[in-house]
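To start, the structure under review is shown below, and the notes come after it.
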Amino acid sequence: MQQGTLMRKVKSKSWKKQRYFKLQEDCMTIWYQSKRTGKTESAFSISDVETVREGHQSEVLQSVAEEFPPERCFTIVFYGRRGNLDLIAGSAEEAQCWVQGLRQLIEPRSFPLTSALVSCTWIRDWFQKADKNKDGRMNFKEVQRLLKMMNVDMNEDHALRLFQDADKSESGTLEGEEFVLFYKALTQREEVLSLFQEFSEDGKKLTLLELVDFLQQEQLEGEGTEELAMELIDKYEPSETARARHVLSADGFLMYLCSPEGSIFNPQHRVLWQDMSLPLCHYFISSSHNTYLIEDQIRGQSSIEGYIRALKRGCRCLEVDCWDGPNGEPMVYHGHTFTSKIPFREVVSTLGKTSWGNSSSPLPLMGTSPPSSHPQSAEGSWSCWSPAVQGPREQGTWRRWVAQGASPSPTPQELKHKILLKGKKIGRLEDNLNGPGDEAPDVSDDDNGAEAEEERRRAKVRGTQHGSALQKDRESLAQTLSDCVIYCKNVPFRGFQEARSHSRPSEISSLSEAKARKLIRDEGNEFVRHNAWQLTRIYPSGMRTDSSNYSPQEMWNVGCQIVALNFQTAGTEMDLCDGLFSQNGCCGYVLKPPFMRDEETLFNPSDPSSREGPGPITLTIQVISGQQLPKVANSKEGAIIDPLVRVEIYGVPADQAHQETKYIENNGFNPRWDETLQFQLHVPELALIRFVVEDYDKTSRNDFVGQFTLAFANIKPGYRHIHLLSKDGTSIPPSSLFVHIRITE
């Protein structure tokens, strides 16, 4: 038997072991064994793999970048908290073979089952798990074990009947296509078949005109419905004969409903669909706090993996806290704590390689003040980004805008593939262009003392102190780095009136979550107006040492653009963040509603009637069924969940609401609820809808099963599937909900 491909498994710069890797014949399992001992070390299923990264896209592989070229390196990223698997192939060709092969195996999981795909989908995975004696066949006892594993509590007589119907060879076991027949009978979707037959005259197929009727009447598709119907038949009908006749079978109908076109998320909003030619302050920007941390804020690990994960997740605003290190080497870590440190140069190198993989949108960097003792060293590190960093040549553009009286605030379109630095600056930008300035330079915000520092600055007397402060800042801040701070100069917040009188659109203020909440409560409308012309960044309280998060929704309600969250901490807050920014090509920028882009707006989130536009709308959700819901983590063997669905609305205070269905006892495989939930939304433009599935427990808190969150603007009405995500935001195929959505004014 062939041993497999010999590759290096890498855990650190000094730990590189050779292992044989091989894809088993089931096309679902990969094992690897030691070259020296020949013993199989481990195995994993294709269903456990989230993605494959090429090149030096992990901290471990970056540490060996000088020794091994990127063409030979790749990283296998798993779902959940399982660590990455970093590998170095013997050649670039071998690496590509594995990368492309793994990606081909991963992709089919998002599509419904057909017998042609059996060897490359989760059905094969289930078969392998249930075939306890590994003889390639499944007896009835193993089928019963499979049902328990699949969250099904089925009557034994009914299970035996399904088993015998599928056992065409009458051998008392299932194998190959017999198992496919059993699985299809098990997964028969009565609710979908009933819907299909409602529009099918003969109950066996949908003609082109019948499919058009369904798309127009139920799915509320607009113009070009006949062309869409033809596309769906060509794409999802498994029978060549049916495709030639332009009809859709029940299997094809189910495949359409489970496809991206049948998803609750409008597929047209998955791509870049919003206007990107407006000022930066008119967009919400996906933002992380202390991006380098992957654990807590006091003793947690700092890692470039934090940057890689955030960027892969669509984040476009990162934090780089730079401090003096040994031998003049700047280091990145959480200052005045015991967190580990990473060289500033490694961070710069990582961002240079990974910043534009998922998005070409501009990348603001927070907290980029250089270390005081060795500015030259930090300045040298910045050179790795040239020409991406905004620098002195952009100042000429700024002068031109000012001279013409236009807003000196560039657009995401104009700043594509650019890095914007937020931090200290020697004087104002106008001072650099037109002569010495009269403003004392600000200090960068610090989570543990920003507000105290602001109060001290307020108390300072203008005059001679400005001169000495300016001189001190010039001594500690490298001029070249100061020149790179163009559109995000950090200034303290002294109130909305002060900002209107003295601040510039090219400046930005940072506020703690507590300060922001007070302003929302006391001056909500002024806050919205302020954010219509200047950037505001919100950061977590310094008391959140466990890296927990605050609710970003209340900050978005007043138009705050940069709402920084701890991306390493899963939970509702990150679900909301992922839900908002999963649209618009996942570019990390989402256009704010028109009434939040007007500097004279009357909108106040505490008073929905202040919003200009149509009145409230009614969102009606019929929760019909669930499919193949996962078991609760660490549950007892044989335990089956009692699922319920809760729908949560996040938005302005008047729209905050939640309702839930009853729970279905002992059925996580195909539960039926058939319950209708209804909500009234006063400001739908700001609403996020979160679908949560939980395992009901009458004696303790319900356990999380899965969730999916999206902005109201991205909802497609009609009969739709909701493909669930895990607690950390990764997909859990083939788990889904089937719902019917109606939106009325």
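The values are calculated or read from the model by the stated rules, or taken from the named source; none is laboratory data. Just so we're clear, the structure is a prediction, and the values are computed from it rather than from any experiment. In this analysis, Cβ positions are derived from the backbone assuming ideal geometry, glycine residues included, and neighbour counts consider all displayed protein chains. Remember, those area values only see protein heavy atoms, side chains included, never the ligands or the DNA or RNA. Shrake-Rupley method; radii C 1.70, N 1.55, O 1.52, S 1.80 Å.
Some points to look at:
- Tally, over the range 229-244, of residues that are open to solvent by 40 Å² or more (accessible area, probe 1.4 Å) and either out of contact with any strand residue (DSSP E or B) (no Cβ under 9 Å at 6 or more places or on another chain) or at pLDDT 95 or above (or both): 8
- Residue match in the range 245-252 (condition: out of contact with any helix residue (DSSP H, G or I) (no Cβ under 7 Å at 6 or more places or on another chain), more than 30 Å from GLU414 (Cβ to Cβ), free of Cβ contacts under 8 Å to residues at least 40 places away in the same chain and open to solvent by 20 Å² or more (accessible area, probe 1.4 Å)): yes
- Pairing residues of the range 543-554 that are under 19 Å from ALA711 (Cβ atoms) with residues that are assigned to a loop (DSSP other than H, G, I, E, B), at Cβ distances under 6 Å and at least 6 apart in sequence or on separate chains, gives ASN549/ASN566; ASN549/THR569.
- Hey, VAL647 under 25 Å from LEU146 (Cβ atoms), open to solvent by less than 10 Å² (accessible area, probe 1.4 Å) and not charged (D, E, K, R) or not: no
- Residues being surrounded by 20 or more Cβ atoms within 10 Å (Cβ to Cβ) and free of Cβ contacts under 8 Å to residues at least 60 places away in the same chain - total across the range 650-660: 1
- Out of ALA310, ALA242, sole residue that is assigned to a helix (DSSP H, G or I) and either within 19 Å of the chain's Cα centre (by Cα) or free of Cβ contacts under 8 Å to residues at least 24 places away in the same chain (or both): ALA310
- Only listed residue being modelled with pLDDT of 90 or more and open to solvent by less than 10 Å² (accessible area, probe 1.4 Å), chosen from VAL348, VAL320: VAL320
- Checking ILE298 against (1) closer than 20 Å to PRO552 by Cα; (2) of a type in the set (Val, Ile, Thr); (3) modelled with pLDDT under 95, the condition it does not meet: (1)
- With respect to (1) open to solvent by less than 40 Å² (accessible area, probe 1.4 Å); (2) in a helix (DSSP H, G or I), the lone exception for ILE641 is condition (2).
- Members of the range 691-735 that are under 22 Å from HIS269 (Cα atoms) and more than 18 Å from the chain's Cα centre (by Cα): LYS716, PRO717, GLY718, TYR719, ARG720, HIS721
- Filter result for SER359 (of a type in the set (S, T, N, Q), crowded, with 24+ Cβ neighbours inside 10 Å, under 19 Å from CYS577 (Cβ atoms) and at pLDDT 60 or above): no
- Among residues of the range 676-690, those that are assigned to a strand (DSSP E or B), in contact with a Phe, Trp or Tyr (Cβ under 9 Å, 6 or more places away or on another chain) and surrounded by fewer than 19 Cβ atoms within 10 Å (Cβ to Cβ), counted: 1
- Taken over the range 602-623, the criterion of being touching a Phe, Trp or Tyr at 6+ places or on another chain (Cβ under 7 Å), surrounded by 19 or more Cβ atoms within 10 Å (Cβ to Cβ) and either outside any loop (DSSP other than H, G, I, E, B) or of a type in the set (S, T, N, Q) (or both) is satisfied by LEU619, VAL623.
- Failed criterion for TYR183 (all others in (1) in the same structural domain as LEU228 (by the TED database); (2) among the aromatic types (Phe, Trp, Tyr); (3) closer than 18 Å to PHE669 by Cβ hold): (1)
- Within the range 145-173, residues that are β-branched (Val, Ile, Thr) and modelled with pLDDT under 80 reach partners that are open to solvent by less than 80 Å² (accessible area, probe 1.4 Å) and assigned to a helix (DSSP H, G or I) with beta carbons closer than 9 Å, at six or more positions or on different chains, in the pairs VAL152/LEU146; VAL152/ALA159; VAL152/LEU186.
- Residue check, GLN583 buried (at least 19 other Cβ atoms within 10 Å of the Cβ) and in contact (Cβ under 8 Å) with a residue 60 or more places away in the chain: yes
- Cβ separations smaller than 6 Å between residues 6+ apart or across chains give the following pairs from the range 192-211 residues that are farther than 19 Å from HIS721 by Cα to residues that are open to solvent by 50 Å² or more (accessible area, probe 1.4 Å) and not in a helix (DSSP H, G or I): LEU208/HIS246.
Table: residues versus (1) of a type in the set (A, V, I, L, M); (2) surrounded by fewer than 22 Cβ atoms within 10 Å (Cβ to Cβ).
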{"position": "GLY706", "(1), (2)": "no, no"}
{"position": "PHE712", "(1), (2)": "no, yes"}
{"position": "ILE722", "(1), (2)": "yes, no"}
{"position": "SER726", "(1), (2)": "no, yes"}
{"position": "ILE732", "(1), (2)": "yes, yes"}
{"position": "HIS740", "(1), (2)": "no, yes"}
{"position": "ILE743", "(1), (2)": "yes, yes"}
